[in-house]
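Reviewing the structure listed below.
The values are calculated or read from the model by the stated rules, or taken from the named source; none is laboratory data. Bear in mind the structure is a predicted one, so any value in this text is a computation, not a measurement. Note that we place each Cβ from the backbone using ideal geometry, even for glycine, and neighbour counts take in every protein chain shown.
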Amino acid sequence: MTNVAMLIFALIMVESSGNDGAVNASGECWGPLQIKEIYVQDVNRIAGTSYTHEDAFDRAKSMDMFRIYMEHYATEELLGRPPTWEDIARIHAGGPQGWRDPERAPYWAKVQSVLQEMPADDMPAEKQFVSMLASQ
């Protein structure tokens, strides 16, 4: 599994425990990556796409939205240095400035914990996005 795929898998486990149909308690965050409507709108603005909030329930579409969001916000140009996995996780959880928000540190700790528990050679069957990410 690629490094990016490992990070996305960890985010999915933290966000929804792998449940593509997950909805958070407030009803605002949907799907495996718990994407909000404003995240979808921002992705559509950035990429000229026409995703809907319902697309967040589709794992491949939610991962594509994640990729678009990160390619736009998790950049060396915006951060002033190469982005780290922590930056990416915190941007996902806290928006474009999430990487500098101290309130996002506990979120990163959860993601990091999942990453540390991953066996190196026997990853769960997430091949569908490994190939997708490899082509990016």
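Given (1) part of a loop (DSSP other than H, G, I, E, B); (2) over 18 Å from L7 (Cα atoms), where does E77 come up short, assuming only one miss?
(1)
Condition check ((1) part of a loop (DSSP other than H, G, I, E, B); (2) touching a residue at least 60 places away in the same chain (Cβ under 8 Å)) across all residues:
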{"position": "V43", "(1), (2)": "no, no"}
{"position": "P96", "(1), (2)": "yes, no"}
{"position": "Y107", "(1), (2)": "no, yes"}
{"position": "V111", "(1), (2)": "no, yes"}
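Taking the stretch 20-35 as the search range and keeping residues that are touching a residue at least 12 places away in the same chain (Cβ under 8 Å) and closer than 16 Å to H92 by Cβ, which one is nearest to the chain's Cα centre (by Cα)?
The selected residue is L33.
How many residues does the stretch 12-27 hold that are loosely packed, with under 15 Cβ neighbours inside 10 Å and more than 21 Å from W108 (Cβ to Cβ)?
So the count comes out to 5.
I'd like the residue in the stretch 47-89 that is among the hydrophobic types (A, V, I, L, M, F, W, C) and over 21 Å from R104 (Cβ atoms) and, out of all such residues, is surrounded by the fewest Cβ atoms within 10 Å (Cβ to Cβ).
Among those that are among the hydrophobic types (A, V, I, L, M, F, W, C) and over 21 Å from R104 (Cβ atoms), it is A60.
Return the residue satisfying two criteria in turn: it lies in the stretch 28-46 and is surrounded by 14 or more Cβ atoms within 10 Å (Cβ to Cβ) and hydrophobic (A, V, I, L, M, F, W, C), and of such residues it is nearest to K110 (Cα to Cα).
L33
Does P119 satisfy the condition of being at pLDDT below 95, out of contact with any Asp or Glu (no Cβ under 6 Å at 6 or more places or on another chain) and assigned to a loop (DSSP other than H, G, I, E, B)?
Details: at pLDDT below 95: yes; out of contact with any Asp or Glu (no Cβ under 6 Å at 6 or more places or on another chain): yes; assigned to a loop (DSSP other than H, G, I, E, B): yes.
In short, yes.
Could you tell me which numbered condition H92 fails, if it satisfies all but one of (1) within 17 Å of Q34 (Cβ to Cβ); (2) touching a Pro at 6+ places or on another chain (Cβ under 8 Å)?
The number of the failed condition is (2).
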